[in-house]
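These notes are about the structure you will find just below.
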Amino acid sequence: MIGLDTTAIIDIFKNEPNIKKVIEKSNEPFAATIMSHQEIFFGLDLKDQLYINEEKYYDEFFNKIFLFPLDLFSSKRAAEIFWRLKKEKKEIGRFDCMIAGIFLTNEVNQIITKNVKHFSQIKELKIISY
């Protein structure tokens with residue numbers, strides 16, 4: 001299974017050609033996290049008519065893909081990642097730590113992302129960039 005970071009999910013929505021190529025090459029199933037869902041919906045003002053199509057698209061997308069939750073184990077794993085990187089002076093965003101913690105707890109060690117700078121700090125993850 002391959003994890004999709006928030007950047008990848010947004011670029012799928014935008015029909016970005018490079019992400020499309022990466023996805024077409026893979027034979028593995030894809031997954032997302034509830035944290036990516038939250039990041040995306042933080043970016044949509046659901047009371048604004050401009051976002052109706054995006055809201056509908058993302059509702060359908062997240063209902064079709066395997067979606068990992070944030071649970072007690074992945075929450076602790078995310079905190080471990082956060083503190084390890086902080087001590088190494090390689091701190092990244094908490095959402096990225098949670099996404100990584102969720103995937104790694106669920107034995108997903110590959111992630112498709114445009115955010116190589118952050119996720120490459122997490123040695124347990126294999127980065128698939130586009």
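Restricted to strands (runs of 3 or more DSSP E) entirely inside the range 21-130, no element has at least 2 residues that are touching a His at 6+ places or on another chain (Cβ under 6 Å), at positive phi and touching a residue at least 60 places away in the same chain (Cβ under 8 Å).
Could you check the range 73-94 and list, in sequence order, the residues that are hydrophobic (A, V, I, L, M, F, W, C) and at pLDDT below 95? Within the range 73-94, 92 is the sole residue that qualifies. For the range 107-121, the set of residues classified as within 13 Å of residue 36 (Cβ to Cβ) and either touching a Lys or Arg at 6+ places or on another chain (Cβ under 6 Å) or hydroxyl-bearing (Ser, Thr, Tyr) (or both) consists of 113 only. Among what's in the range 16-68 and is in contact with a helix residue (DSSP H, G or I) (Cβ under 8 Å, 6 or more places away or on another chain) and among the polar types (S, T, N, Q), pick the residue that is surrounded by the most Cβ atoms within 10 Å (Cβ to Cβ). The qualifying residue surrounded by the most Cβ atoms within 10 Å (Cβ to Cβ) is 33.
The values are calculated or read from the model by the stated rules, or taken from the named source; none is laboratory data. For clarity, every value in this text was computed on a predicted model and none was experimentally measured. Cβ coordinates were reconstructed from backbone atoms using ideal geometry, including for glycine residues, and neighbour counts include every protein chain displayed.
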